[in-house]
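Shown next, in structure tokens, is the structure this report addresses.
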Amino acid sequence: MKLNELTAYELKQKLSKGEITSSEIVTSVFEQINKTEEKLHAYIRYSFESAIEQAKICDKKLRAKENHMPLLGIPIAIKDNICMEGEKATCGSKILENFVAPYDATVISKLKKAGAIFIGRTNMDEFAMGSSTENSYFGPTKNPWDVTRVPGGSSGGSAVAVASCESILSLGSETGGSVRQPASCCGVVGFKPTYGRVSRYGLVAFASSLDQIGSFARDVRDCALLMEMISGHDEFDSTTANVPVPKYTELLDRDIKGLKFGIPKEYFIEGVDAEVKEAILIAIKQLEILGAIPVEISLPHTQYCLPVYYIIAPCEASSNLARFDGVHYGYRSPNSPNLLEMYKNTRAEGFGKEVKRRIMIGTYALSSGYYDAYYVKALKVRTLIKRDFEEVFKKCDCIITPTSPTSAFKIGERVEDPVKMYLADIFTVSVNLAGVPAISVPCGWTKEKLPIGLQIIGKHYDEETIFRVAYAYEQSTNWHKQRPNI
Ligand code: GLN
């Protein structure tokens, strides 16, 4: 196997034995990029020169046996809405096309301390609004299993970079499923931590009460390792909790005998693809074989998750995106006769269609006369949704559902129908509304050889159990070992 096809864990072992160098890993990753990137467009930017320079520094440290850094010499790709000092962070938008971040996000500082090598910035739906990565100003990303299909979104570039072995690991962001849904579409592992587990300092805000940074990897161990590196309290983000971060990777190996997993009846409804349903039912059997106990549960407010999300997220977005006015950040429309026209033209020219739609929906729902009817009502229902989860977690240790109701759809198929696009998030947004953690792991393929994802949802701050169940499941299957043939 080529180095770019190995996991971070395997590469770490080889690096520490001196069998390989990180320069060789970087070279191998870029050979793949040169081979497949033109077809896939996972990246907005990448730099071999910068990556190899970082690798040389890592190799020096490795030779000096300073290899106590957990990700020393391991390549990682970063979604283009996470700030890195002195580098562009476009958020997939024209309005930030030339914006250069003045500081490192906390997750980036942590990854630097861990020794990771940054190879490039991944493509995304503009401002993380979308489920297909078609809303990028820089053009769509393609699914490596079938390039006529979307990779999911909004972190489609990060999912594809890992799935196609154009990177070993990657970071994405989640507001309503943007890590788990593309992970499911691309056949990789994607994780969204508890709200408050990972600092959002330096993540460009979409909807602040929902946003979290998440991780992509080709197996559960790598995913857990990456989460271990980026989690924890941060004085720069007051929403992070001051609770200890367990060593997830050391807790993976315990069995899951007697562990109770809930199966919510509201997640096996009409509209779920028959092949997806079948794959999930087989995965449930597999968990039973491993000794876990299924429990039938109900999350009665599930039907309101999508409407509640698509009120709260746009409301928060309309407020967060007010800062892009041609004065503070990024693009400014030239030749406007006065200040007001300049504001209008900048936003009209700088934002894409979906972002404008969200700003309008949000502004409408927050306006006087509608505020109580939409926004406040949505907040109240959000509380009921949260309580649903609190109730069921009295009866089970985790919840099993499909990640997405269908496999990857065709490029262009849903762009003209936003509601159809929003339906891709039907099983993921509840998790963000409740603030709980969840993972998507590969659990099968459709007849057309498109990946299917299994979602495992956990209790607040109980990432550990999710990783343990996901790992036990993964180790008893072979899904995660398959790679697309591009
Ligand atoms: N697809 C959802 C949306 O468009 C979720 C996006 C996200 O998680 N960033 O809002």
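Let me make sure I get this right: for the range 229-269, a, b and c are the square roots of the gyration tensor eigenvalues over alpha carbons, sorted descending. Under 1.5 in a/c it's rounded, otherwise prolate if a/b > b/c, else oblate. Which is it?
Taking the square roots of the gyration eigenvalues as a ≥ b ≥ c, the range 229-269 is oblate.
Rounded, prolate or oblate: which fits the range 1-142, taking a ≥ b ≥ c as square roots of the Cα gyration tensor eigenvalues, rounded meaning a/c under 1.5, else prolate when a/b beats b/c?
It is prolate, given that a/c is not under 1.5 and a/b is the larger ratio.
Pop a pseudo-label 7 angstrom from the Cα along the beta-carbon direction at both residue 56 and residue 38 and give the gap in nm to one decimal.
Once both label points are built, they end up 2.9 nm from each other.
Residue by residue through the range 291-298, what is 3J(HN,Hα) from phi via Karplus (6.51 cos²θ - 1.76 cosθ + 1.60, θ = phi - 60°)? Round to whole Hz and write x for glycine and proline.
Per-residue couplings from phi come out as x, 7, 10, x, 10, 6, 9, 9 Hz.
Pulled fully out, how much extra length does the chain show between residue 100 and residue 332, if you take 0.36 nm times their separation in residues and subtract their Cα-Cα distance?
Working it through step by step, the gained length comes to 82.0 nm.
With equal scatterers on the alpha carbons only and no solvent term, can you work out the Debye log10 of I(q)/I(0) for the range 133-175 at 0.18, 0.31, 0.35 1/Å?
-0.47, -1.15, -1.24
How much of the accessible area of the range 303-374, probe 1.4 Å, is carbon plus sulfur, in whole percent?
57 percent
Residues of the range 156-194 with the amide nitrogen closer than 17 Å to a label point 7 Å from the Cα of residue 31, along Cα-to-Cβ, please.
So the set is 164-168.
Averaged over all directions, how much area does the convex hull of the C-alpha atoms of the chain cover when projected, in nm²?
Taking the Cα atoms of the chain, their convex hull projects to 21.9 nm² on average.
What do you get for Rg/Rh of the range 157-215 when both radii come from the Cα atoms and Rh is the Kirkwood radius?
Taking Rg over the Kirkwood Rh, I get 0.97.
Restricting to DSSP loop positions (anything but H, G, I, E, B) with no more than 15 other Cβ atoms inside 10 Å of their own Cβ, which chymotrypsin sites (Phe, Trp or Tyr not before Pro) remain in the range 230-280?
236, 268
Mind checking the range 334-428 for GluC sites (Glu not before Pro) that DSSP puts in a loop (not H, G, I, E or B) and that have at most 12 other Cβ atoms within 10 Å?
Answer in residue order: 416.
Quick check: from the Cα gyration tensor, does the range 258-346 come out rounded (a/c under 1.5), prolate or oblate?
Prolate.
Any idea how far apart residue 47 and residue 483 come out in nm if each label point goes 7 Å out from Cα toward Cβ?
Output for this residue pair reads 2.7 nm.
For the range 388-442, taking Cα atoms only, what is the radius of gyration to one decimal and the Dmax to the nearest whole Å?
For the range 388-442, the Cα radius of gyration and maximum Cα-Cα distance read 14.0, 43 Å.
I'd like to check one number: the per residue accessible area of the chain, probe 1.4 Å, reported in Å² as a whole number.
Heavy-atom accessible area per residue stands at 38 Å².
Residue 112 versus residue 367, label points 7 Å from Cα toward the beta carbon: distance in nm?
So the label points at residue 112 and residue 367 sit 4.5 nm apart.
Could you work out the equivalent-ellipsoid semi-axes for the range 19-77, taking the square root of 5 times each eigenvalue of the Cα gyration tensor, largest first, in whole Å?
24, 10, 9
Taking a 29 Å limit on the Cα-Cα distance, which of the listed pairs 112/420; 142/481; 277/481; 88/113 fall beyond it?
Going by Cα-Cα distance, 112/420 fall outside the 29 Å limit.
How large is Rg over Rh for the range 320-459, taking Rg from the Cα atoms and Rh as the Kirkwood inverse mean of 1/r across Cα pairs?
Expressed as Rg/Rh, it is 1.08.
Quick check: Cα centre of the range 146-174 to Cα centre of the range 256-308, how many Å?
Distance between centres, Cα-based: 25 Å.
Please sort by residue number the GluC sites (Glu not before Pro) in the range 3-87 whose DSSP state is loop and whose Cβ has at most 11 other Cβ atoms within 10 Å.
19
Relative contact order for the range 179-279 using alpha-carbon pairs under 8 Å, separation at least 6, rounded to a whole percent?
23 percent
Report the full-extension gain for the segment residue 296 to residue 235: residue separation times 0.36 nm, less the Cα-Cα distance, to one decimal in nm.
In short, 17.9 nm is gained.
The values are calculated or read from the model by the stated rules, or taken from the named source; none is laboratory data. Here the structure is a predicted model, which means the values were calculated and not measured. Ideal geometry is used to build each Cβ from the backbone, glycine not excepted, and the neighbour counts take in all protein chains shown. Ligands, DNA and RNA are stripped out before the accessible areas are found, and what is left, the full protein with its side chains, is counted by its heavy atoms. Shrake-Rupley method; radii C 1.70, N 1.55, O 1.52, S 1.80 Å.
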